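Trainee: Sharing a structure with you now.
The values are calculated or read from the model by the stated rules, or taken from the named source; none is laboratory data. Every value quoted in this text rests on a predicted model; they were computed, and no experiment measured them. Don't worry about glycine lacking a Cβ; one is built from the backbone with ideal geometry, like all the others, and counts go over all protein chains shown. Each accessible area value is taken on the protein alone, full model and side chains, heavy atoms only, with ligands, DNA and RNA left out. Shrake-Rupley method; radii C 1.70, N 1.55, O 1.52, S 1.80 Å.
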Amino acid sequence: WIQRIRHEMALSCGLKLFNLKPLQIHYYQTLKTVKLHNKTSRINFSVSAVMNKFDSHLHVWASEEEQQHFPYSIQVGSTEPAMAGNAEVLLGQMESAGVKGCLIVQPANHLFDHSYVSYVMDSYPGKFVGCLLADPTEDGGGVEELERLVTQEGYKAVRFNPYLWPNQEPMTNEVGKKMYAKAGELGVPVGYMTFQGLLNHADEIEQLLEEFPDTKVMMDHMGFCKARDPDSEEWQRLFSFAKYPQVYIKL
């Protein structure tokens, strides 16, 4: 079996915004393929030079002082996190680590209010690109807000968190299909946040893959499969998505 993990995954997340030529992204070749041999995955990292480094997945949230303008969501609590995660802290860490740019995924403490992430992207042009959080809630933003954030705010990816669907409805409900189809129409990938287990949502994911093949998919955090058990059913289900050319795995 061969699970293709191609450099387009990183590019579709927004690295094109940094105006990089292919030769500048030397490290992308390390993500080309994962060969599965005797049911064990191996990755060949053979590139010797990296000219630019990018963080493909992180979060930012407003500082205590910034919360008067960018409050946390009441639905998830408004308590200050255990550590600072505002843009200035991130920029300092990026500089010390030699990281050129980042993909910011909308954080849970701001839930569906994307104003802080949008503010950060606008304040530091060329440094960040954004992944929005899809809103499937009743009377929520739905497909209209998704389209606005992509076309007007410049977001380059969409996160589907199945635990935000109301009343335990599946991601294949009406609003889920509309948002998924719209993402494909706009050319932005959908990333899945299956942190309670891939097997709980694999059937929904596969149904959407079958119905909307034009929408690219990123399996965040390797589908949350447990590294200690590479022969498990969840790993095999993740590998089975290799038959869909639009699926990529975020390592």
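Trainee: Determine by what factor the alpha-carbon radius of gyration of the range 121-249 differs from 2.2 N^0.38 Å, reporting the quotient.
Mentor: 1.06
Trainee: Starting from the amide H of Gly130, placed 1.01 Å from N in the peptide plane, find each other amide H under 5 Å away whose residue is 5 or more places distant or on another chain.
Mentor: Amide H to amide H, under 5 Å and 5 or more residues apart or across chains, Gly130 pairs with Ile104, Lys156.
Trainee: List every residue whose amide H lies under 5 Å from the amide H of Lys216, counting only residues 5 or more places away in sequence or on a different chain, with H placed 1.01 Å from N in the peptide plane.
Mentor: Amide H to amide H, under 5 Å and 5 or more residues apart or across chains, Lys216 pairs with Val190.
Trainee: Apply 1/(1 + (r/R0)^6) to the Cβ-Cβ distance of Gln68 and Asp139, taking R0 = 35 Å, and write down the FRET efficiency to the nearest 0.05. Show your work: numbers first, answer last.
Mentor: On the way: r = 26 Å, r/R0 = 0.76.
Calculated transfer efficiency: 0.85.
Trainee: If the limit is 27 Å between Cα atoms, which of Lys182/Lys250; Lys100/Lys216; Lys127/Lys226; Lys177/Lys250; Lys53/Lys250; Lys127/Lys216 go over it? Can you show the working numbers first?
Mentor: Values: Lys182/Lys250 22 Å; Lys100/Lys216 25 Å; Lys127/Lys226 32 Å; Lys177/Lys250 22 Å; Lys53/Lys250 16 Å; Lys127/Lys216 24 Å.
Violating the 27 Å Cα-Cα cut-off are Lys127/Lys226.
Trainee: Okay, next question. HN-Hα J couplings of the range 173-183 from phi, Karplus 6.51/-1.76/1.60, θ = phi - 60°, integer Hz, Gly and Pro as x?
Mentor: Listing the rounded values in order: 6, 4, 5, x, 5, 5, 5, 5, 5, 5, 4 Hz.
Trainee: Report the per residue volume, in Å³, of the convex hull enclosing the C-alpha atoms of the range 174-251.
Mentor: On the way: hull volume 6.6 nm³, N = 78.
Value for the range 174-251: 85 Å³ per residue.
Trainee: Now for a separate question. Measure off 7 Å from each Cα along the Cα-to-Cβ vector at Glu210 and Asp231, then give the distance between these two points in nanometres to one decimal.
Mentor: Between Glu210 and Asp231, the label points sit 3.0 nm apart.
Trainee: So, for the range 96-205, what is the accessible surface per residue at a probe of 1.4 Å, expressed in square angstrom? Show your work: numbers first, answer last.
Mentor: Working: 4360 Å² over 110 residues.
Per residue, the range 96-205 has 40 Å² of solvent-accessible surface.
Trainee: How high is the relative contact order of the range 144-251, given as a whole-number percent (alpha carbon pairs under 8 Å, six or more residues apart)?
Mentor: 26 percent
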